[in-house]
Amino acid sequence: MDPDVIVVGAGPTGLMLASELALAGVRTRIVERRSEPQHQSRALTLHPRSVEVLDQRGLADRFLALGRTMAGWHFAALDTKLDFAALDSRHGYTLFLAQARTEALLEERARELGVEILRGHETLDVRQGADGVDVDVRVAGVRRTTRTRYVVGCDGARSVVRQAAGIGFPGTGETLTGMLGDFEAVTADSGTLDRARAGGVLVVGLEHRLTRFVLIAPQRMRVPSSEPVSMDEFRTALKEACGSDCGIGEPHWLSRFGNATRLAESYRAGRVLLAGDAAHIHFPAAGQGLNTGLQDAMNLGWKLAAEINGWAPPGLLDTYHAERQPVGQSITENTEVQTLLAELTLVAQYERPATALRKLINDLLGMEQVNRRLAGAVSAIDTAYPSKGDPLTGRRLPDVALVTTTTGAGRVYDLLHEGRFVLLCLDGDTSARETGRWASRVTSVTVTRHDAHPVLDGLTEVLIRPDGHIAWATRAHDLRTRRMERTQALTTWAGTPTGSEL
(Lines give C-alpha, C1' and ligand atoms only; values in the text may rest on other atoms or scores of the structure.)
Protein backbone atom coordinates (compact mmCIF):
# COMPACT_ATOMS: atom_id res chain seq x y z
CA MET A 1 0.00 0.00 0.00
CA ASP A 2 1.34 3.44 -0.91
CA PRO A 3 2.19 5.70 2.04
CA ASP A 4 0.26 8.84 2.94
CA VAL A 5 3.52 10.75 3.34
CA ILE A 6 7.00 10.23 1.97
CA VAL A 7 9.74 11.89 4.01
CA VAL A 8 12.93 12.36 2.01
CA GLY A 9 15.95 12.09 4.28
CA ALA A 10 16.69 9.93 7.33
CA GLY A 11 18.54 12.53 9.36
CA PRO A 12 17.29 13.73 12.75
CA THR A 13 14.61 15.98 11.25
CA GLY A 14 13.21 13.32 8.93
CA LEU A 15 13.20 10.64 11.62
CA MET A 16 11.50 12.95 14.13
CA LEU A 17 8.87 14.02 11.63
CA ALA A 18 8.12 10.46 10.54
CA SER A 19 7.64 9.44 14.16
CA GLU A 20 5.22 12.30 14.77
CA LEU A 21 3.19 11.34 11.72
CA ALA A 22 3.12 7.66 12.63
CA LEU A 23 2.08 8.52 16.19
CA ALA A 24 -1.01 10.12 14.66
CA GLY A 25 -1.79 7.05 12.57
CA VAL A 26 -0.37 8.29 9.26
CA ARG A 27 1.25 5.73 6.94
CA THR A 28 4.75 7.12 6.59
CA ARG A 29 7.78 6.10 4.55
CA ILE A 30 11.29 7.53 4.74
CA VAL A 31 13.49 7.28 1.66
CA GLU A 32 17.20 7.89 2.19
CA ARG A 33 19.99 8.07 -0.39
CA ARG A 34 22.64 6.57 1.88
CA SER A 35 22.63 2.82 2.28
CA GLU A 36 23.86 3.00 5.89
CA PRO A 37 23.32 5.40 8.79
CA GLN A 38 25.82 8.25 9.07
CA HIS A 39 28.62 7.34 11.47
CA GLN A 40 30.30 10.78 11.67
CA SER A 41 28.64 13.35 13.90
CA ARG A 42 28.78 16.95 12.78
CA ALA A 43 26.32 18.06 15.47
CA LEU A 44 26.93 17.27 19.13
CA THR A 45 24.27 19.06 21.14
CA LEU A 46 20.60 18.98 22.08
CA HIS A 47 19.51 22.29 23.57
CA PRO A 48 16.83 22.77 26.27
CA ARG A 49 13.79 23.07 24.01
CA SER A 50 14.79 19.99 22.04
CA VAL A 51 15.09 17.97 25.24
CA GLU A 52 11.68 19.30 26.27
CA VAL A 53 10.21 18.20 22.94
CA LEU A 54 11.58 14.70 23.50
CA ASP A 55 10.24 14.77 27.06
CA GLN A 56 6.78 15.61 25.71
CA ARG A 57 6.83 12.26 23.94
CA GLY A 58 8.29 10.33 26.87
CA LEU A 59 11.67 9.94 25.14
CA ALA A 60 14.02 12.24 27.06
CA ASP A 61 15.38 9.55 29.37
CA ARG A 62 16.66 7.51 26.40
CA PHE A 63 18.81 10.45 25.31
CA LEU A 64 19.88 11.54 28.79
CA ALA A 65 21.15 8.04 29.50
CA LEU A 66 23.69 8.31 26.69
CA GLY A 67 24.78 11.95 26.93
CA ARG A 68 26.17 14.40 29.43
CA THR A 69 24.80 17.77 30.42
CA MET A 70 26.32 21.23 30.69
CA ALA A 71 24.44 24.18 32.21
CA GLY A 72 26.59 26.84 30.54
CA TRP A 73 26.68 27.38 26.80
CA HIS A 74 28.31 29.95 24.53
CA PHE A 75 27.45 32.79 22.20
CA ALA A 76 30.12 33.50 19.58
CA ALA A 77 32.60 31.55 21.76
CA LEU A 78 32.75 34.46 24.22
CA ASP A 79 34.16 33.84 27.67
CA THR A 80 30.95 34.70 29.54
CA LYS A 81 28.66 31.72 29.09
CA LEU A 82 24.93 31.66 28.49
CA ASP A 83 23.27 30.42 31.66
CA PHE A 84 20.82 27.76 30.54
CA ALA A 85 20.31 26.74 34.19
CA ALA A 86 18.50 30.04 34.78
CA LEU A 87 15.86 29.24 32.13
CA ASP A 88 12.32 28.35 33.15
CA SER A 89 12.77 24.70 32.21
CA ARG A 90 13.39 21.38 33.95
CA HIS A 91 16.00 20.84 31.24
CA GLY A 92 18.15 23.92 31.73
CA TYR A 93 21.26 22.52 30.06
CA THR A 94 22.79 21.46 26.78
CA LEU A 95 22.94 17.72 26.34
CA PHE A 96 26.16 16.60 24.69
CA LEU A 97 25.25 13.67 22.46
CA ALA A 98 26.83 12.80 19.13
CA GLN A 99 24.51 13.17 16.16
CA ALA A 100 25.00 9.52 15.23
CA ARG A 101 23.61 8.54 18.65
CA THR A 102 20.70 10.96 18.29
CA GLU A 103 19.85 9.51 14.88
CA ALA A 104 20.04 5.94 16.18
CA LEU A 105 17.63 6.72 19.01
CA LEU A 106 15.23 8.54 16.69
CA GLU A 107 15.34 5.65 14.22
CA GLU A 108 14.56 3.24 17.06
CA ARG A 109 11.53 5.36 17.91
CA ALA A 110 10.37 5.54 14.27
CA ARG A 111 10.58 1.78 13.82
CA GLU A 112 8.67 1.22 17.08
CA LEU A 113 5.85 3.26 15.56
CA GLY A 114 5.87 1.34 12.30
CA VAL A 115 7.64 3.82 10.04
CA GLU A 116 9.00 2.23 6.86
CA ILE A 117 12.64 3.27 6.32
CA LEU A 118 14.12 2.55 2.89
CA ARG A 119 17.85 3.18 2.59
CA GLY A 120 19.74 3.20 -0.68
CA HIS A 121 16.82 5.04 -2.31
CA GLU A 122 18.00 8.20 -4.07
CA THR A 123 15.25 10.72 -4.80
CA LEU A 124 15.47 11.98 -8.38
CA ASP A 125 12.32 14.05 -8.88
CA VAL A 126 9.08 15.12 -7.25
CA ARG A 127 6.01 16.01 -9.33
CA GLN A 128 2.80 17.11 -7.68
CA GLY A 129 -0.76 17.26 -8.92
CA ALA A 130 -4.09 18.26 -7.46
CA ASP A 131 -4.57 15.04 -5.50
CA GLY A 132 -1.10 13.65 -4.91
CA VAL A 133 2.63 13.63 -5.55
CA ASP A 134 4.75 11.29 -7.68
CA VAL A 135 8.19 10.61 -6.23
CA ASP A 136 10.86 9.15 -8.50
CA VAL A 137 13.68 7.26 -6.77
CA ARG A 138 16.62 5.22 -8.00
CA VAL A 139 17.21 1.89 -6.29
CA ALA A 140 20.13 -0.31 -7.38
CA GLY A 141 20.22 1.56 -10.68
CA VAL A 142 16.50 1.15 -11.36
CA ARG A 143 14.13 4.12 -11.46
CA ARG A 144 10.84 3.67 -9.59
CA THR A 145 7.85 5.94 -9.01
CA THR A 146 5.61 6.01 -5.94
CA ARG A 147 2.40 7.97 -5.53
CA THR A 148 1.75 9.65 -2.18
CA ARG A 149 -0.45 12.39 -0.77
CA TYR A 150 2.33 14.63 0.60
CA VAL A 151 6.12 14.84 0.45
CA VAL A 152 8.38 16.49 3.01
CA GLY A 153 11.93 17.34 2.06
CA CYS A 154 14.29 16.73 4.97
CA ASP A 155 17.12 16.16 2.53
CA GLY A 156 19.57 18.86 3.48
CA ALA A 157 21.06 21.99 1.99
CA ARG A 158 21.07 20.67 -1.58
CA SER A 159 17.50 19.43 -1.24
CA VAL A 160 16.22 17.73 -4.39
CA VAL A 161 12.69 18.15 -3.04
CA ARG A 162 13.07 21.91 -2.64
CA GLN A 163 14.48 22.31 -6.11
CA ALA A 164 11.81 20.13 -7.70
CA ALA A 165 9.09 22.17 -5.97
CA GLY A 166 10.59 25.39 -7.33
CA ILE A 167 11.01 26.94 -3.87
CA GLY A 168 13.61 29.70 -3.80
CA PHE A 169 16.52 29.50 -1.38
CA PRO A 170 17.89 33.05 -1.19
CA GLY A 171 20.71 34.14 1.04
CA THR A 172 24.48 34.47 0.95
CA GLY A 173 27.08 32.07 -0.37
CA GLU A 174 30.10 30.78 1.46
CA THR A 175 32.74 33.38 2.36
CA LEU A 176 34.40 31.72 5.36
CA THR A 177 35.20 28.15 6.38
CA GLY A 178 36.34 26.38 9.49
CA MET A 179 37.77 22.94 10.18
CA LEU A 180 37.00 20.15 12.58
CA GLY A 181 38.89 17.02 13.42
CA ASP A 182 38.14 14.02 15.63
CA PHE A 183 41.24 12.30 17.03
CA GLU A 184 41.69 9.07 18.96
CA ALA A 185 45.10 10.01 20.35
CA VAL A 186 45.74 13.39 21.99
CA THR A 187 48.85 13.53 24.17
CA ALA A 188 48.67 17.20 25.21
CA ASP A 189 48.32 17.95 28.90
CA SER A 190 45.41 19.96 30.31
CA GLY A 191 47.44 23.18 30.30
CA THR A 192 48.09 22.90 26.57
CA LEU A 193 44.41 22.21 25.87
CA ASP A 194 43.48 25.24 27.98
CA ARG A 195 45.82 27.38 25.86
CA ALA A 196 44.17 25.98 22.75
CA ARG A 197 40.76 27.01 24.09
CA ALA A 198 42.11 30.45 24.94
CA GLY A 199 43.35 30.65 21.34
CA GLY A 200 39.82 30.19 20.00
CA VAL A 201 39.90 26.41 19.51
CA LEU A 202 36.87 24.42 20.60
CA VAL A 203 38.03 21.24 22.37
CA VAL A 204 35.36 18.66 23.22
CA GLY A 205 35.67 15.13 24.53
CA LEU A 206 33.54 12.63 22.62
CA GLU A 207 32.61 9.02 23.21
CA HIS A 208 35.01 6.19 22.25
CA ARG A 209 37.86 8.30 23.68
CA LEU A 210 37.73 10.71 20.75
CA THR A 211 38.56 14.40 21.12
CA ARG A 212 37.17 16.99 18.74
CA PHE A 213 38.98 20.19 17.78
CA VAL A 214 37.13 22.93 15.90
CA LEU A 215 38.83 26.09 14.67
CA ILE A 216 38.97 28.82 12.07
CA ALA A 217 42.48 29.28 10.70
CA PRO A 218 43.16 32.88 9.53
CA GLN A 219 45.37 31.71 6.67
CA ARG A 220 42.90 29.07 5.51
CA MET A 221 39.47 30.58 6.24
CA ARG A 222 38.80 31.35 2.55
CA VAL A 223 39.43 27.78 1.38
CA PRO A 224 36.19 26.30 -0.11
CA SER A 225 34.44 23.76 2.08
CA SER A 226 34.59 21.31 -0.82
CA GLU A 227 38.39 21.06 -0.43
CA PRO A 228 39.42 18.16 1.85
CA VAL A 229 41.31 18.97 5.05
CA SER A 230 44.81 17.53 5.26
CA MET A 231 46.50 16.41 8.45
CA ASP A 232 49.40 18.80 7.88
CA GLU A 233 46.98 21.67 7.41
CA PHE A 234 45.22 20.86 10.68
CA ARG A 235 48.46 20.55 12.65
CA THR A 236 49.70 23.88 11.28
CA ALA A 237 46.41 25.59 12.15
CA LEU A 238 46.60 24.32 15.74
CA LYS A 239 50.19 25.51 16.12
CA GLU A 240 49.25 28.98 14.84
CA ALA A 241 46.34 29.15 17.29
CA CYS A 242 48.07 28.01 20.46
CA GLY A 243 51.70 27.20 19.73
CA SER A 244 51.23 23.42 19.79
CA ASP A 245 49.63 20.69 17.69
CA CYS A 246 48.21 19.35 21.00
CA GLY A 247 49.77 15.96 20.37
CA ILE A 248 47.06 14.83 17.96
CA GLY A 249 47.47 11.42 16.38
CA GLU A 250 45.89 10.02 13.25
CA PRO A 251 42.45 11.53 12.62
CA HIS A 252 39.24 9.58 12.90
CA TRP A 253 37.55 12.26 10.78
CA LEU A 254 38.51 15.61 9.23
CA SER A 255 36.02 18.00 7.70
CA ARG A 256 35.62 21.57 6.52
CA PHE A 257 32.43 23.59 6.95
CA GLY A 258 31.28 26.96 5.67
CA ASN A 259 29.07 29.93 6.46
CA ALA A 260 26.63 29.83 3.52
CA THR A 261 23.38 31.18 4.96
CA ARG A 262 20.06 30.64 3.19
CA LEU A 263 16.38 30.50 4.07
CA ALA A 264 13.62 28.96 1.97
CA GLU A 265 11.16 31.50 0.58
CA SER A 266 8.36 29.18 1.61
CA TYR A 267 8.23 26.07 3.77
CA ARG A 268 5.29 24.82 1.71
CA ALA A 269 4.42 24.60 -1.98
CA GLY A 270 1.12 22.77 -2.28
CA ARG A 271 1.65 19.16 -1.28
CA VAL A 272 5.41 19.60 -0.81
CA LEU A 273 6.88 20.85 2.46
CA LEU A 274 10.39 21.46 3.79
CA ALA A 275 12.01 21.02 7.19
CA GLY A 276 15.48 21.15 8.69
CA ASP A 277 18.46 22.02 6.50
CA ALA A 278 16.29 21.81 3.38
CA ALA A 279 14.59 24.96 4.70
CA HIS A 280 17.47 26.80 6.39
CA ILE A 281 21.27 26.62 6.48
CA HIS A 282 23.80 28.68 8.41
CA PHE A 283 27.19 28.56 10.11
CA PRO A 284 27.06 26.08 13.03
CA ALA A 285 27.41 28.87 15.61
CA ALA A 286 26.12 27.80 19.05
CA GLY A 287 24.95 24.45 17.68
CA GLN A 288 21.43 25.47 16.63
CA GLY A 289 20.92 23.66 13.32
CA LEU A 290 19.93 20.13 14.37
CA ASN A 291 17.81 21.55 17.18
CA THR A 292 15.88 23.81 14.83
CA GLY A 293 15.17 20.86 12.55
CA LEU A 294 13.75 18.78 15.39
CA GLN A 295 11.49 21.66 16.36
CA ASP A 296 10.37 22.11 12.73
CA ALA A 297 9.34 18.46 12.77
CA MET A 298 7.43 18.83 16.04
CA ASN A 299 5.51 21.80 14.64
CA LEU A 300 4.71 20.17 11.29
CA GLY A 301 3.95 16.60 12.31
CA TRP A 302 0.58 17.06 14.03
CA LYS A 303 -0.60 19.63 11.48
CA LEU A 304 0.14 17.45 8.47
CA ALA A 305 -1.41 14.46 10.25
CA ALA A 306 -4.56 16.53 10.88
CA GLU A 307 -4.76 17.35 7.17
CA ILE A 308 -4.37 13.71 6.16
CA ASN A 309 -6.78 12.45 8.81
CA GLY A 310 -9.42 14.87 7.59
CA TRP A 311 -10.03 17.08 10.60
CA ALA A 312 -7.64 20.01 10.06
CA PRO A 313 -9.35 23.40 10.37
CA PRO A 314 -8.96 25.66 7.32
CA GLY A 315 -5.46 27.10 7.08
CA LEU A 316 -3.92 24.92 9.80
CA LEU A 317 -1.22 23.47 7.54
CA ASP A 318 -0.28 26.94 6.33
CA THR A 319 0.56 27.94 9.91
CA TYR A 320 3.64 25.72 9.63
CA HIS A 321 5.33 28.24 7.34
CA ALA A 322 3.85 31.21 9.23
CA GLU A 323 5.27 29.96 12.54
CA ARG A 324 8.54 28.33 11.61
CA GLN A 325 9.91 30.53 8.83
CA PRO A 326 10.35 33.51 11.20
CA VAL A 327 12.20 31.18 13.57
CA GLY A 328 14.51 30.21 10.71
CA GLN A 329 15.02 33.91 9.94
CA SER A 330 15.95 34.66 13.54
CA ILE A 331 18.47 31.84 13.67
CA THR A 332 20.15 32.74 10.39
CA GLU A 333 20.53 36.29 11.69
CA ASN A 334 22.00 35.38 15.08
CA THR A 335 24.46 32.94 13.51
CA GLU A 336 25.57 35.61 11.03
CA VAL A 337 26.25 37.94 13.96
CA GLN A 338 28.28 35.28 15.76
CA THR A 339 30.23 34.44 12.60
CA LEU A 340 31.03 38.10 11.98
CA LEU A 341 32.35 38.49 15.53
CA ALA A 342 34.68 35.54 14.93
CA GLU A 343 35.75 36.57 11.44
CA LEU A 344 36.60 40.20 12.21
CA THR A 345 38.93 39.13 15.00
CA LEU A 346 40.90 37.04 12.50
CA VAL A 347 41.31 39.81 9.91
CA ALA A 348 44.41 41.84 10.78
CA GLN A 349 42.99 45.28 9.91
CA TYR A 350 39.93 44.72 12.12
CA GLU A 351 41.59 42.82 14.95
CA ARG A 352 41.76 45.69 17.47
CA PRO A 353 38.20 47.07 17.07
CA ALA A 354 36.82 43.52 16.77
CA THR A 355 38.54 42.51 20.00
CA ALA A 356 37.07 45.57 21.69
CA LEU A 357 33.62 44.71 20.33
CA ARG A 358 33.87 41.15 21.61
CA LYS A 359 34.93 42.46 25.02
CA LEU A 360 31.94 44.81 25.09
CA ILE A 361 29.46 42.05 24.23
CA ASN A 362 31.19 39.71 26.67
CA ASP A 363 30.70 42.31 29.41
CA LEU A 364 27.05 42.76 28.44
CA LEU A 365 26.53 39.01 28.78
CA GLY A 366 27.44 39.45 32.42
CA MET A 367 24.17 41.35 32.85
CA GLU A 368 21.39 38.98 33.87
CA GLN A 369 18.78 40.43 31.52
CA VAL A 370 21.05 40.32 28.47
CA ASN A 371 22.23 36.80 29.27
CA ARG A 372 18.64 35.62 29.74
CA ARG A 373 17.60 37.16 26.40
CA LEU A 374 20.29 35.39 24.38
CA ALA A 375 20.00 32.14 26.33
CA GLY A 376 16.28 32.08 25.61
CA ALA A 377 16.89 32.61 21.90
CA VAL A 378 19.70 30.07 21.44
CA SER A 379 17.96 27.43 23.55
CA ALA A 380 14.63 28.08 21.74
CA ILE A 381 12.89 28.24 25.13
CA ASP A 382 11.60 31.71 24.20
CA THR A 383 10.18 30.66 20.83
CA ALA A 384 6.63 32.02 20.69
CA TYR A 385 4.30 31.88 17.72
CA PRO A 386 2.09 34.78 16.55
CA SER A 387 -1.32 34.60 18.19
CA LYS A 388 -4.35 36.50 19.40
CA GLY A 389 -6.02 36.51 22.78
CA ASP A 390 -4.28 35.95 26.09
CA PRO A 391 -0.58 36.99 26.16
CA LEU A 392 0.36 33.36 26.88
CA THR A 393 -1.00 31.99 23.61
CA GLY A 394 1.72 30.92 21.22
CA ARG A 395 4.26 30.34 24.01
CA ARG A 396 5.47 26.93 25.10
CA LEU A 397 4.10 25.72 28.40
CA PRO A 398 6.73 24.72 31.00
CA ASP A 399 6.52 21.22 32.46
CA VAL A 400 4.50 22.17 35.53
CA ALA A 401 3.87 19.56 38.24
CA LEU A 402 0.17 18.93 38.83
CA VAL A 403 -2.45 16.57 40.20
CA THR A 404 -5.52 15.67 38.11
CA THR A 405 -8.72 13.79 38.87
CA THR A 406 -7.87 11.16 36.24
CA THR A 407 -4.10 10.66 36.28
CA GLY A 408 -3.16 11.68 39.82
CA ALA A 409 0.22 13.30 40.44
CA GLY A 410 2.37 13.98 37.44
CA ARG A 411 3.57 16.71 35.10
CA VAL A 412 2.13 18.50 32.10
CA TYR A 413 4.45 16.78 29.64
CA ASP A 414 3.25 13.37 30.81
CA LEU A 415 -0.11 14.26 29.25
CA LEU A 416 1.43 14.96 25.84
CA HIS A 417 2.97 11.55 25.17
CA GLU A 418 0.26 10.56 22.69
CA GLY A 419 0.59 13.73 20.61
CA ARG A 420 -2.93 14.97 21.31
CA PHE A 421 -4.31 18.32 22.41
CA VAL A 422 -4.59 18.64 26.17
CA LEU A 423 -7.21 20.81 27.89
CA LEU A 424 -6.36 21.71 31.48
CA CYS A 425 -9.18 22.92 33.69
CA LEU A 426 -7.41 24.66 36.55
CA ASP A 427 -10.24 25.60 38.88
CA GLY A 428 -11.98 22.26 39.31
CA ASP A 429 -14.81 22.93 36.83
CA THR A 430 -15.84 19.60 35.32
CA SER A 431 -17.68 21.16 32.37
CA ALA A 432 -14.48 20.74 30.39
CA ARG A 433 -15.66 17.17 29.91
CA GLU A 434 -17.89 18.58 27.18
CA THR A 435 -14.82 18.29 24.97
CA GLY A 436 -15.86 14.65 24.61
CA ARG A 437 -17.17 15.82 21.24
CA TRP A 438 -13.48 16.13 20.32
CA ALA A 439 -12.47 13.04 22.30
CA SER A 440 -10.39 11.55 19.49
CA ARG A 441 -8.18 14.64 19.42
CA VAL A 442 -8.29 16.22 22.89
CA THR A 443 -7.46 14.89 26.34
CA SER A 444 -9.44 16.82 28.96
CA VAL A 445 -8.26 16.82 32.57
CA THR A 446 -9.45 18.58 35.68
CA VAL A 447 -6.52 19.82 37.78
CA THR A 448 -7.00 19.70 41.53
CA ARG A 449 -3.55 21.02 42.46
CA HIS A 450 -0.50 22.35 40.64
CA ASP A 451 2.80 24.05 41.28
CA ALA A 452 2.40 27.74 41.99
CA HIS A 453 4.00 28.52 38.66
CA PRO A 454 3.74 32.15 37.51
CA VAL A 455 2.67 31.11 34.00
CA LEU A 456 -0.57 29.67 35.41
CA ASP A 457 -1.42 32.61 37.65
CA GLY A 458 -5.00 33.71 37.08
CA LEU A 459 -5.77 31.12 34.39
CA THR A 460 -8.89 28.98 34.58
CA GLU A 461 -8.35 26.85 31.46
CA VAL A 462 -5.51 26.19 29.03
CA LEU A 463 -5.61 24.34 25.70
CA ILE A 464 -2.19 22.90 24.87
CA ARG A 465 -1.26 22.01 21.31
CA PRO A 466 0.34 18.62 20.54
CA ASP A 467 3.71 20.39 20.24
CA GLY A 468 3.46 21.85 23.75
CA HIS A 469 2.62 25.43 22.77
CA ILE A 470 -0.46 27.15 24.16
CA ALA A 471 -3.34 27.34 21.67
CA TRP A 472 -5.79 29.12 23.99
CA ALA A 473 -5.94 30.32 27.56
CA THR A 474 -8.68 32.02 29.52
CA ARG A 475 -9.02 33.77 32.85
CA ALA A 476 -12.82 33.85 32.75
CA HIS A 477 -14.71 32.50 35.76
CA ASP A 478 -18.18 32.77 34.27
CA LEU A 479 -18.94 29.24 33.06
CA ARG A 480 -21.09 30.29 30.14
CA THR A 481 -18.37 32.62 28.86
CA ARG A 482 -15.77 29.91 29.24
CA ARG A 483 -17.86 27.35 27.38
CA MET A 484 -18.31 29.71 24.45
CA GLU A 485 -14.60 30.55 24.36
CA ARG A 486 -13.67 26.88 24.71
CA THR A 487 -15.90 25.76 21.85
CA GLN A 488 -14.50 28.46 19.60
CA ALA A 489 -10.90 27.56 20.51
CA LEU A 490 -11.45 23.83 19.97
CA THR A 491 -13.11 24.46 16.62
CA THR A 492 -10.32 26.82 15.57
CA TRP A 493 -7.54 24.40 16.49
CA ALA A 494 -8.99 20.88 16.62
CA GLY A 495 -11.57 21.25 13.85
CA THR A 496 -15.31 20.76 13.77
CA PRO A 497 -16.41 17.48 15.36
CA THR A 498 -18.13 15.15 12.95
CA GLY A 499 -20.02 11.84 13.00
CA SER A 500 -20.18 10.19 16.41
CA GLU A 501 -18.37 13.13 18.02
CA LEU A 502 -21.36 15.45 17.54
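Results for (1) over 25 Å from Lys81 (Cβ atoms); (2) outside any helix (DSSP H, G or I), shown as yes or no for each residue.
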site: Met179; (1), (2): no, yes
site: Asp182; (1), (2): no, yes
site: Gly191; (1), (2): no, no
site: Ala196; (1), (2): no, no
site: His208; (1), (2): yes, yes
site: Ala217; (1), (2): no, yes
site: Arg222; (1), (2): yes, yes
site: Ser226; (1), (2): yes, yes
site: Leu238; (1), (2): no, no
Exercise. Given the stretch 57-168, what helices (runs of 4 or more DSSP H) lie entirely inside it while holding 1 or more residues that are basic (Lys, Arg), closer than 25 Å to Leu416 by Cα and in contact with a Leu (Cβ under 9 Å, 6 or more places away or on another chain)?
Worked result: 60-64, 99-112
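Among residues belonging to the stretch 464-477 that are within 23 Å of the chain's Cα centre (by Cα) and in a strand (DSSP E or B), point out the one that is surrounded by the fewest Cβ atoms within 10 Å (Cβ to Cβ).
Here the residue is His469.
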Exercise. Is it the case that Thr474 is in contact (Cβ under 8 Å) with a residue 60 or more places away in the chain and among the hydroxyl-bearing types (Ser, Thr, Tyr)?
Worked result: yes
For this session: Out of the residues in the stretch 437-463 that are touching a strand residue (DSSP E or B) at 6+ places or on another chain (Cβ under 9 Å) and among the polar types (S, T, N, Q), state the one that is surrounded by the most Cβ atoms within 10 Å (Cβ to Cβ).
Result: Ser444
Seminar exercise, completed: When Ala10 is run through (1) in contact with a strand residue (DSSP E or B) (Cβ under 7 Å, 6 or more places away or on another chain); (2) buried (at least 24 other Cβ atoms within 10 Å of the Cβ); (3) not in a loop (DSSP other than H, G, I, E, B), the failure sits at (3)
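Going by the structure shown, is Ser244 farther than 15 Å from Tyr385 by Cα, of a type in the set (Ser, Thr, Tyr) and either in contact with a Phe, Trp or Tyr (Cβ under 7 Å, 6 or more places away or on another chain) or in the same structural domain as Gly25 (by TED's automatic domain parsing) (or both)?
Answer is no for this residue.
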Seminar exercise, completed: Condition set hydroxyl-bearing (Ser, Thr, Tyr) and either part of a loop (DSSP other than H, G, I, E, B) or touching a Gly at 6+ places or on another chain (Cβ under 8 Å) (or both), scope the stretch 478-502, selection modelled with the lowest pLDDT: answer is Thr498
For this session: Residues being without any contact (Cβ under 8 Å) to a residue 24 or more places away in the chain and either surrounded by 13 or more Cβ atoms within 10 Å (Cβ to Cβ) or not aliphatic (A, V, I, L, M) (or both): count how many of those fall in the stretch 346-367.
Result: 10
For this session: Identify, by number, the condition in (1) in contact with a Lys or Arg (Cβ under 8 Å, 6 or more places away or on another chain); (2) of a type in the set (Val, Ile, Thr); (3) not assigned by TED's automatic domain parsing to the domain that holds Ser19 that Val137 doesn't meet.
Result: (3)
For this session: Just need a number here: residues in the stretch 90-115 that are small (Gly, Ala, Ser), in contact with a strand residue (DSSP E or B) (Cβ under 9 Å, 6 or more places away or on another chain) and surrounded by 15 or more Cβ atoms within 10 Å (Cβ to Cβ).
Result: 2
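Could you pull out the residue among Pro228, Pro224 that is surrounded by fewer than 17 Cβ atoms within 10 Å (Cβ to Cβ), under 24 Å from Ala100 (Cα atoms) and either among the hydrophobic types (A, V, I, L, M, F, W, C) or at pLDDT 95 or above (or both)?
Among Pro228, Pro224, only Pro228 is surrounded by fewer than 17 Cβ atoms within 10 Å (Cβ to Cβ), under 24 Å from Ala100 (Cα atoms) and either among the hydrophobic types (A, V, I, L, M, F, W, C) or at pLDDT 95 or above (or both).
The values are calculated or read from the model by the stated rules, or taken from the named source; none is laboratory data. Owing to the predicted nature of the structure, the values given are computational and were not obtained by experimental measurement. Heads up, the Cβs are rebuilt from the backbone with ideal geometry, glycines too, and the neighbour counts pull from every protein chain shown.
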